[in-house]
1. What residue among Thr62, Thr96, Thr84 shows peak mean-square fluctuation when the chain is described by a Gaussian network model with Cα springs under 10 Å?
2. Kindly write out, for segment 123-137 in residue order, the coupling ³J(HN,Hα) from the Karplus curve 6.51 cos²θ - 1.76 cosθ + 1.60 (θ = phi - 60°), rounded to whole Hz, with x marking Gly and Pro.
3. What list of ³J(HN,Hα) couplings, whole Hz, do you get for segment 109-120 from phi and the Karplus terms 6.51, -1.76, 1.60, once you set θ to phi - 60° and write x for glycine and proline?
4. Taking θ as phi - 60°, what are the ³J(HN,Hα) couplings along segment 31-42 by the Karplus curve (6.51, -1.76, 1.60), each to the nearest whole Hz, with x for Gly and Pro?
5. Working out 0.36 nm times the residue gap between Thr96 and His79, then minus their Cα-Cα distance, what length gain in nm do you get to one decimal?
6. Can you pull the percent of Cα pairs in segment 3-172 with separation above 27 Å?
7. Please list the non-local residues whose amide H lies under 5 Å from the amide H of Thr12, H modeled 1.01 Å from N, same-chain partners needing a gap of 5 or more.
8. On a 18 Å Cα-Cα criterion, which of the cross-link pairs Lys44/Lys75; Lys19/Lys113; Lys113/Lys182; Lys39/Lys182 come out too long?
Amino acid sequence: MSESSGPLWHGTTILCLRKGGEVIVAGDGQVSMGDTVVKSNAVKVRRLGSGGNVIAGFAGATADAFTLFERLEAKLEQHPAQLTRACVELAKDWRTDRYLRRLEALMAVADDKVSLIVSGTGDVLEPEDGIIGIGSGGNYALAAARALIGHDDLDAEAIARRAMEIAAGICVYTNSSVVIEKTTAS
């Protein structure tokens, strides 16, 4: 959407990584409209599923993301302990349902076994290195996490915090108010 046709919402960096038996999903807190910061402490990462064993982060329109969180939660109820299947079913609905097709968001989701990117174009992608970066600062956080992942002196949370800090220093739509959720990988 161009600025002339309405507000342009920017601002998210979501990072997901796995190291040392831990799975981390981190998200910054900035929400911007055009060149104005509207909120600095938004929570873009949440636990889903019974027992909160799935962690999801979103980039995109907030209301759309909450709709997708609810839909994914319903798919997880239908397919317990099958994150990949639940995400594939969500992506199919997202791509074919007239209402869902209009949603503008991207999701990073993870459980103890798999990390996935889910998009409205029908993509359900598992990165080969288990590291995901989405949103306006996602590529910066992704590059930083990849550079730091081999450092034995840094655990998963320290890598996520440092990578998010680097992204916040580069992307004007990312801040250093970071929310982190973690779980244990199997």
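1. Result for the chain, Cα springs under 10 Å: Thr96 fluctuates most.
2. Taking θ as phi minus 60°, the curve returns 7, 10, 10, 10, x, 5, 9, x, 10, 10, x, 10, x, 4, x Hz for segment 123-137.
3. Karplus values, whole Hz, x for Gly and Pro: 10, 8, 9, 6, 10, 9, 10, 9, 9, 10, 10, x.
4. Karplus-based 3J(HN,Hα) across segment 31-42 equals 10, 10, 10, x, 9, 10, 7, 8, 8, 10, 10, 5 Hz.
5. That pair, Thr96 and His79, stretches by 4.1 nm at full extension.
6. 23 percent
7. Hits under the 5 Å cutoff: Ser136, Gly137.
8. Details: Lys44/Lys75 20 Å; Lys19/Lys113 12 Å; Lys113/Lys182 13 Å; Lys39/Lys182 24 Å.
Pairs exceeding 18 Å: Lys44/Lys75; Lys39/Lys182.
Values quoted throughout were computed directly from the atomic coordinates according to the rules given, and no laboratory measurement underlies them. Note that the coordinates shown come from a computational prediction; the quantities given were computed from them, not determined experimentally. We place every Cβ from the backbone using ideal geometry, glycine too, and count neighbours over all the protein chains shown.
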